[in-house]
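Student: Pasting a structure below so you can have a look.
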Amino acid sequence: IDITNVENIDNIPTEDLDAMLNEYIEQKNYKFAIRVYFIKILKLLIKNDIIKWQIQKTNRDYIKEIKNKDIKNDFISITKNFEYFWYGDFPLNPQEFISVQNDILQFNKKIERV
């Protein structure tokens with residue numbers, strides 16, 4: 001699976017993402033781990049009918065779709081971190097990764113409660 005250019009996240013099995021995530025974390029490839037986490041977040045938002053997936057949509061489009069203000073604010077923060085490290089091509093040290101990872105895991109728990 002090429003996670004750098006995802007055509008349709010619905011076609012990516014969650015088990016594959018979990019395996020990739022574990023592999024990237026083990027390799028300390030935090031940039032790609034953040035990318036996998038972000039794909040997993042999008043899948044979770046889709047599954048919970050919070051956003052509708054379309055390839056041409058941007059992250060800003062997804063933000064506009066989110067009605068729940070609390071979820072929207074958290075998603076904005078996570079999106080900023082993702083875009084900073086992924087598109088900005090900035091390296092993450094282990095402490096930065098753990099901080100971003102914790103934000104993502106808390107967000108996932110919040111979505112699962114909605």
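The values are calculated or read from the model by the stated rules, or taken from the named source; none is laboratory data. From a predicted model like this one, the values you see are computed outputs, not experimental measurements. All Cβ positions, glycine included, derive from the backbone under ideal geometry; neighbour counts span all protein chains shown. Note: areas computed on protein heavy atoms with side chains; ligands, DNA, RNA excluded. Shrake-Rupley method; radii C 1.70, N 1.55, O 1.52, S 1.80 Å.
Student: Please tell me the relative contact order of the chain in percent, rounded to the nearest whole number, where contacts are Cα pairs under 8 Å and at least six residues apart. Mind showing how you got there, number by number?
Tutor: Values: 76 pairs, mean separation 33.2, N = 114.
Once divided by the residue count of the chain, the mean separation gives 29 percent.
Student: With a 1.4 Å probe and all protein chains left in place, how much accessible area per residue does the stretch 62-113 have, in Å²?
Tutor: Result: 62 Å² of accessible area for each residue.
Student: Leaving ligands, DNA and RNA out of it, report the carbon-plus-sulfur percent of the accessible area of the chain at a 1.4 Å probe.
Tutor: On the way: 3250 of 6780 Å².
About 48 percent, which is the carbon plus sulfur part of the accessible surface.
Student: So, with +1 on the Cβ of K and R and -1 on the Cβ of D and E, and no other charges, what is the size of the charge dipole of the chain about its Cα centre, to the nearest 20 debye?
Tutor: 580
Student: With the Cα gyration tensor of the chain in hand, convert its eigenvalues to equivalent ellipsoid semi-axes via √(5λ) and list them largest first in whole Å. Can you show the working numbers first?
Tutor: Details: eigenvalues 86, 53, 38 Å².
For the chain, the semi-axes come out at 21, 16, 14 Å.
Student: Still on this structure, please answer the following. If you filter the stretch 14-114 for chymotrypsin sites (Phe, Trp or Tyr not before Pro), then keep DSSP loop positions with at most 15 other Cβ within 10 Å, what is left? Mind showing how you got there, number by number?
Tutor: Values: sites: TYR24, TYR30, PHE32, TYR37, PHE38, TRP53, TYR62, PHE75, PHE82, TYR84, PHE85, TRP86, TYR87, PHE97, PHE107; in loops: TRP53, TYR87.
Passing sites in the stretch 14-114 are TRP53, TYR87.
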